[in-house]
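Beneath this line is the structure, given in structure tokens, with notes to follow.
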Amino acid sequence: MPLRINILTSGRFHVCDLARELNALGHDVKFYSCVPRFVTRRFGLPDHCNRSLLLYLAPLFFLMRKAQRTRFWPASEKAFIEALDSLAARLMGPCDVFIGMSGMSTKAALAARRRFGAQVWIERGSRHILSQKEILDALPGGARVSPYAVRRELADYALADTVVIPSKHVERSFLERGFPAQKLFRNPYGVDLAMFPPTPKPQNATPTLIFVGTWSFRKGCDVLAEAIDGRPWRLIHAGPEGDAPFPRMENFESRGFIPQSRLAEAYAEADVFVLPSREEGLSVVQTQSLACGLPLVCTDRTGGEDLAALLEDQTWVTVVPPDDAGGLRRGIGHALAKGRTQIGWRDILGKGRDHFSWPAYGERYSRELERALTQRATASDVKHNAATVGI
């Protein structure tokens, strides 16, 4: 059944892909964000879905971006989020379902429920905010969770009919804090399979690893540097330098930011993809690398185990604990040995390739939305009938 769906986010994130897929399935989708139409158009979202709020919020948006890495960042971020949430609450149209990014959707979610009787679905891409704070507080780097972010996140969780999460380790972090299991919906993110096709096995004289993302403590890059130290391996890094120092090793090469459209070329050079994150909901670069045929080595806080569950041969994914350089080193060795069995074009996803697509992600989401609304309608009918007969 077609649903009226409002989505609120500050930037594009994965919910732009969600909006595109739900629209393609026949739902009436309105995407509220600060992303202009010429950008969302590039990602396949029809213009009639985009309700960009950038013109209203431009001064705060650009002030927040300018304040990054300064002492004014917390105040500018707070002002922007409050304005975005309040504006969406006032301007959004009727909906059956409101989908909001966690930490920025409280007022809009309340407005959708009170004015339209909408269900509230909150998108949380990382672990429970208290778990995330605990992990990041223990790191030497600069990534931290503010008290303001904690309050906003907890308020959104409390409002939600459903919290949507991408992976099992995120689910566990919610359950450990007493969040009701029936209010969680786990749905791994998709990937643009056309952009990340199988690649030929590289003929590397030196076993080559690739890591994609910000070189940071949160992503466990200090552990990765320790794991490869003294090993006859080469490491390619694609992404910016973060709060962790680059290793001073001859076998390390940082190439900086690589556009998504060029990432498949970088994956084609490597034998194994490595992601040693200490905390990350479900990193899409893992799916990209698997789609290109690379064995994956990751920690149990990256969502890699969820991707492995979708594979016919789950041994292409090696899951290790975070903060364990020895375990990571052994995992890389195992993956390199596994990779040596590949011949010709590397196709790890095989017959289940479509399970990793954005359309498959959207279909899983749509089915769950329809199930939840049907269940609510049935419960409402039962309650009405009981009242009618005086039960």
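So which residues in the range 345-370 are of a type in the set (Asp, Glu) and either more than 20 Å from the chain's Cα centre (by Cα) or closer than 30 Å to ALA270 by Cβ (or both), if there are any at all?
The answer is ASP347, ASP354, GLU370.
Table: residues versus (1) under 26 Å from ARG20 (Cβ atoms); (2) modelled with pLDDT under 95; (3) not assigned by TED's automatic domain parsing to the domain that holds ASN23.
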residue	(1), (2), (3)
VAL120	yes, no, no
SER126	yes, no, no
GLY141	no, yes, no
SER146	no, yes, no
ALA158	no, no, no
ASP161	yes, no, no
PRO166	yes, no, no
GLU171	yes, no, no
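LEU235 fails exactly one of the following numbered conditions: (1) farther than 24 Å from GLY333 by Cβ; (2) not in a loop (DSSP other than H, G, I, E, B). What is the number of that condition?
For LEU235, the exception is condition (1).
Within the range 11-76, which helices (runs of 4 or more DSSP H) (wholly inside it) include 2 or more residues that are within 20 Å of MET195 (Cβ to Cβ), in the same structural domain as ASP96 (by TED's automatic domain parsing) and without any contact (Cβ under 8 Å) to a residue 24 or more places away in the chain?
37-42
Tell me, which helices (runs of 4 or more DSSP H) lie completely within the range 109-208 with 3 or more residues that are under 28 Å from ALA264 (Cβ atoms) and either of a type outside the set (Phe, Trp, Tyr) or out of contact with any Cys (no Cβ under 7 Å at 6 or more places or on another chain) (or both)?
168-175
Residues checked against (1) part of a helix (DSSP H, G or I); (2) assigned by TED's automatic domain parsing to the domain that holds ALA244; (3) among the hydrophobic types (A, V, I, L, M, F, W, C):
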{"site": "VAL274", "(1), (2), (3)": "no, yes, yes"}
{"site": "SER277", "(1), (2), (3)": "no, yes, no"}
{"site": "GLU305", "(1), (2), (3)": "yes, yes, no"}
{"site": "ALA308", "(1), (2), (3)": "yes, yes, yes"}
{"site": "GLU312", "(1), (2), (3)": "no, yes, no"}
{"site": "VAL319", "(1), (2), (3)": "no, yes, yes"}
{"site": "HIS334", "(1), (2), (3)": "yes, yes, no"}
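The values are calculated or read from the model by the stated rules, or taken from the named source; none is laboratory data. All of these numbers come straight from a predicted model, not from anything done at the bench. With ideal geometry, Cβ positions are generated from the backbone for all residues, glycine too; neighbour counts draw on all protein chains shown.
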